[in-house]
């Protein structure tokens, strides 16, 4: 296996990169030579450099469904990116390519397919984004997170895998979490996490109801960068972070229930960690509506409760208490899920197509 090569791609947001990061330990364990193709200055560049993965930045153009003056220039950037990726792939000849999506992936996947390099792609959301729609026709397999997604994909290509989860998240210490936050162990913990940018509506709702929530819960609140409330830094039982990295596993281990946005990676982490959650999806006015669909699927499968963004102020207290009282029902349902074993399933696909080439 030591002579097998793989190129990873995906970018634009952390959500298009972190599943690739989650695969790195197993890829290295199996002896793969790993390289990454991303955008020139996207978030993926720094993340891959931190992981010591050789990186090629290419020209990219964003794919838009709406009018923008850049729609006239970006196709030429995509063509340049295709040519840059193709030259690199032709020179390095990887055995397989794995794509996590995002607009940077389109020229890379298309270039790989033109060289007969087998491509495996992953779709996080319930409905494929535009980038993956352009890649699906040339992919060997399309991995996905939701049973509903299977119906939208070519049957011979679709594989229900879930999302690869960073292994370190599974090894958190509950005791260390209590220590980090200075919490007592005789009161349940509510965790709020809104993604790297935070979630203003969720943050405001939690703070507006802080006194009532603290009667029954200790609260660890990951607010988002520059969104901490300095007037509430010393309230007992309420610990704020703007962003966490190494401590996240321990905070998850400590949490009894969670309030979260419904990004695909976030909810797959909650599923893998068996954390009952209230999901507050981004409204369609702020997104293409994928979080609404993701959350609805998880609620239907019995993993989570959904509260719409505009329902937060009225419903949050009752929803948190009901979730906590019924938490074991959700945990039991999550324990029977087949979507929490993504890394070995995806790795077996990678091995299969790498060896076939």
I'd like to verify a number: residues in segment 25-46 that are within 18 Å of the chain's Cα centre (by Cα), assigned to a helix (DSSP H, G or I) and buried (at least 20 other Cβ atoms within 10 Å of the Cβ), how many?
1
How about segment 137-193: which strands (runs of 3 or more DSSP E) wholly inside it have at least 1 residues that are under 20 Å from residue 109 (Cα atoms)?
141-144, 158-160
Could you check segment 1-22 and list, in sequence order, the residues that are within 22 Å of residue 113 (Cα to Cα) and over 13 Å from the mean Cα position of the chain (by Cα)?
3, 4, 5, 6, 7, 8, 9
When you go through 107, 128, 118, 94 one by one, which is the residue that is under 19 Å from residue 43 (Cα atoms) and either in contact (Cβ under 8 Å) with a residue 12 or more places away in the chain or crowded, with 24+ Cβ neighbours inside 10 Å (or both)?
107
Any idea how many residues of segment 49-89 are in a loop (DSSP other than H, G, I, E, B), modelled with pLDDT under 85 and within 21 Å of residue 129 (Cα to Cα)?
9
Please work out which one of (1) in contact with a strand residue (DSSP E or B) (Cβ under 9 Å, 6 or more places away or on another chain); (2) at pLDDT below 95 is the condition residue 270 fails and give its number.
(2)
Identity of the residue in segment 265-295, free of Cβ contacts under 8 Å to residues at least 24 places away in the same chain and under 21 Å from residue 123 (Cα atoms), that ends up surrounded by the most Cβ atoms within 10 Å (Cβ to Cβ):
289
Any chance segment 83-90 includes a residue that's in contact with a strand residue (DSSP E or B) (Cβ under 8 Å, 6 or more places away or on another chain), surrounded by fewer than 20 Cβ atoms within 10 Å (Cβ to Cβ) and touching a residue at least 40 places away in the same chain (Cβ under 8 Å)?
yes
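The values are calculated or read from the model by the stated rules, or taken from the named source; none is laboratory data. Everything numeric in this text was worked out from a predicted model, so none of it was measured. We place every Cβ from the backbone using ideal geometry, glycine too, and count neighbours over all the protein chains shown.
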